[in-house]
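The values are calculated or read from the model by the stated rules, or taken from the named source; none is laboratory data. None of these values were measured; they are calculated from a predicted model. Glycine also receives a Cβ, built like all others from the backbone with ideal geometry; neighbour counts cover every protein chain displayed.
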Amino acid sequence: MNLALQVVVVGLLVGACLLYSTWRLLSARLRLRTLEALARLPVVGRAAWLAALRARVLAGMGGCAGCAAPSAVSRNQTPGALRR
């Protein structure tokens with residue numbers, strides 16, 4: 001009984017780690033497709049955590065932030081200035 005329980009617990013942990021690593025490696029587009037597929041399921045589709053996760057994925061799709069407003073530049077880092 002003890003060995004069987006240990007095998008089940010280890011199997012669940014490995015499965016959870018597999019799901020987590022797969023989720024982290026998916027692109028944002030594939031994450032949204034996965035969430036849309038889960039939303040079609042009757043019980044899971046109405047879950048609050050699914051909507052929160054979808055909102056989080058959409059918030060992270062803002063791009064690389066390369067076109068964000070420039071921040072204040074200190075005098076020591078002024079582009080084109082002579083070195084002191």
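Figures for the structure shown
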| item | result |
| --- | --- |
| Candidate set: the stretch 28-61, residues that are over 14 Å from the mean Cα position of the chain (by Cα) and of a type in the set (D, E, K, R); chosen: the one surrounded by the fewest Cβ atoms within 10 Å (Cβ to Cβ) | Arg40 |
| Hey, Leu25 of a type in the set (A, V, I, L, M), without any contact (Cβ under 8 Å) to a residue 60 or more places away in the chain and surrounded by 10 or more Cβ atoms within 10 Å (Cβ to Cβ) or not | no |
| Test: Pro70 is loosely packed, with under 10 Cβ neighbours inside 10 Å, out of contact with any strand residue (DSSP E or B) (no Cβ under 7 Å at 6 or more places or on another chain), modelled with pLDDT of 85 or more and not polar (S, T, N, Q) | no |
| Qualifying positions in the stretch 22-44 - of a type outside the set (Lys, Arg) and in a loop (DSSP other than H, G, I, E, B) | Leu26, Ser27, Leu41, Pro42, Val43 |
| Positions within the stretch 3-49 being under 19 Å from Ala59 (Cα atoms) and polar (S, T, N, Q), in sequence order | Ser27, Thr34 |
